[in-house]
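Notes follow the structure.
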Amino acid sequence: MKPWEAVEVEVIRTSVTFWVLVLAGSVSFAETVGFDKDAHGAIASGWKAAVTHEGAAPRWEVVADESAPSKPNVLAQLSSEPKGAQFPLAVYQGVTCQNGDVSVKFKPVSGKEDQAAGLVWRYRDENNYYIVRANALEDNVVLYKVEGGQRTALAPKGTPAGTYGVKHKVPGGRWSTLRVLFEASRFTVFFEGKELFVVEDPTFTGAGRVGLWTKADSVTHFDDFQIVAK
């Protein structure tokens, strides 16, 4: 199978899964955001930039990317200035939900400290939310809670306390898919369609917004943000 054929098959598979979930019922909201109708040079319509821990301002912009899974546009965090434990966020304003299924395609572009891409859910504000992120420099996927601005890694179910996510190859400069299914206090993480691990945590039980996340100097492109709210 040629590379472009593999991408096409993945897009079809994702779309079929998406609509099966919708048609199955118990869905209050479903949308795929591709950024292709948004103007370049600013954050996409319906999104709001935020940051955990003040410092250098992140720069979220819609840009063209010839490698995008759905051409021509992507949403990118372009600033390489944020440092250390600063977390740039792009928060989707279209829905607030307690339970749901969120996924995104992402491409780590650059970063010396980090090359991270994350999904956020039950977002209350820039200091309180859940996040799962993949890191191309560390080759791992980790789920955290950010509570009062403090980020804490949550161990996968069935592993010792303090376990730091799972090791998994996260390719730089290439597109991958990250997904999280969140229901009550149970969160299931998928990478490239494969279930990686489950986390259980009761800290944030109410509804919140969903969105995208990066860390430090990560320059990352995002496409095909998909949300099913239940």
Label point distance in nm, E81-D139, each placed 7 Å from Cα along Cα→Cβ | 3.4 nm
For S28, put the label point 7 Å out on the Cα→Cβ axis and report which residues of segment 104-148 keep their amide N under 17 Å from it.
-> 121-124
Per its Cα gyration tensor (rounded if a/c is under 1.5, else prolate when a/b beats b/c, else oblate), segment 27-229 is best filed as rounded
Pairs beyond 28 Å (Cα-Cα), from K83/K157; K194/K230; K37/K107; K83/K145; K71/K145; K37/K83 = K83/K157; K71/K145; K37/K83
If R0 is 25 Å, what FRET efficiency do you get for H40 and N127 from their C-beta distance, rounded to 0.05?
-> 0.25
Expressed as a whole-number percentage, the relative contact order of segment 102-230 with C-alpha contacts under 8 angstrom and at least six residues apart is 37 percent
In whole angstrom, how far apart do the alpha carbon centroids of segment 38-60 and segment 78-138 sit?
-> 12 Å
Total charge dipole magnitude, the chain, about the Cα centre, Cβ charges on Lys, Arg, Asp, Glu only, Debye to nearest 20 = 340 debye
How high is the relative contact order of the chain, in percent, counting Cα pairs under 8 Å that sit 6 or more residues apart?
-> 29 percent
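Rule-based calculations on the coordinates, nothing more; no lab input. In this text the structure is predicted, and so the values were computed from the model without any measurement. So basically every Cβ, Gly included, is an ideal-geometry build from the backbone, and we count neighbours across all protein chains shown.
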